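Have a look at the structure below, then the notes.
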Amino acid sequence: MKYYLMVAFMAFSLSVNLTSCSPDDPIGETKQPETPNEPDDNNGNTDNPMNNNFKISIGEVSFNVTLENNATATAFKALLPMTIDMSEMNGNEKYYYLPGSLPTASSSPGTIHTGDLMLYGSSCVVLFYETFSSSYSYTRIGKVDTPSGLSEAVGTGNVSITFEIQDKE
């Protein structure tokens, strides 16, 4: 009888554990609620394409980035401006762990492209400077519009990168 009770308890415990976490919700981390809509441009217009852009500066070189239309990109943009020291990894990416989590909707892109700006997990911002295949899952934040020269700009080691909202022209 004790054996059957123990098996039943273990089965119940296992089923509770398996249903309490999903792959997008790492243990010990919680998703933050979506960030409210971007402020308008004083004309009631929130669809201005400039609202979906920002720039990254690496030394004297700047690149324009177009944001994805998702909660992750909105939350990331709310953190700007910021200058961060990004670490080198694998000869194809620079990464930085944010102090907090961003909303996620991860998927496996299959191919990572030069200029992709993505979120790994819920707090690791990754800027890819080479194209390659990957089975890892990421949430898209944005993409460098013209990534030509990005690899040379970020170099082979750690690098300081400034992310800032573009001025309206």
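Rule-based calculations on the coordinates, nothing more; no lab input. From a predicted model like this one, the values you see are computed outputs, not experimental measurements. Because the Cβ atoms are built from the backbone with ideal geometry, glycine has one as well, and the counts that use them run over all protein chains shown.
Based only on the alpha carbon positions, what is the Kirkwood hydrodynamic radius of the range 51-165, in angstrom? Kirkwood hydrodynamic radius for the range 51-165: 13.8 Å. Extension gain for LEU80 to ILE165 (0.36 nm times residue separation, less C-alpha to C-alpha distance): 29.9 nm. When you filter the chymotrypsin sites (Phe, Trp or Tyr not before Pro) in the range 122-164 for DSSP loop state and at most 15 other Cβ atoms inside 10 Å of their Cβ, you are left with TYR136.
Near THR114, the amide H atoms lying under 5 Å from its own belong to THR131; only residues 5 or more places off or on other chains count, and H is placed 1.01 Å from N. Of the trypsin sites (Lys or Arg not before Pro) found in the range 63-169, the ones in coil according to DSSP and having at most 12 other Cβ atoms within 10 Å of their Cβ are LYS168.
Within 11 Å, Cβ to Cβ, of GLY155, how many net charges do the neighbouring residues add up to if Lys/Arg are +1 and Asp/Glu are -1? Walk me through the numbers before you get to the answer.
Details: positive: LYS94; negative: GLU88, GLU152.
Taking every other residue near GLY155 into account, the sum is -1.
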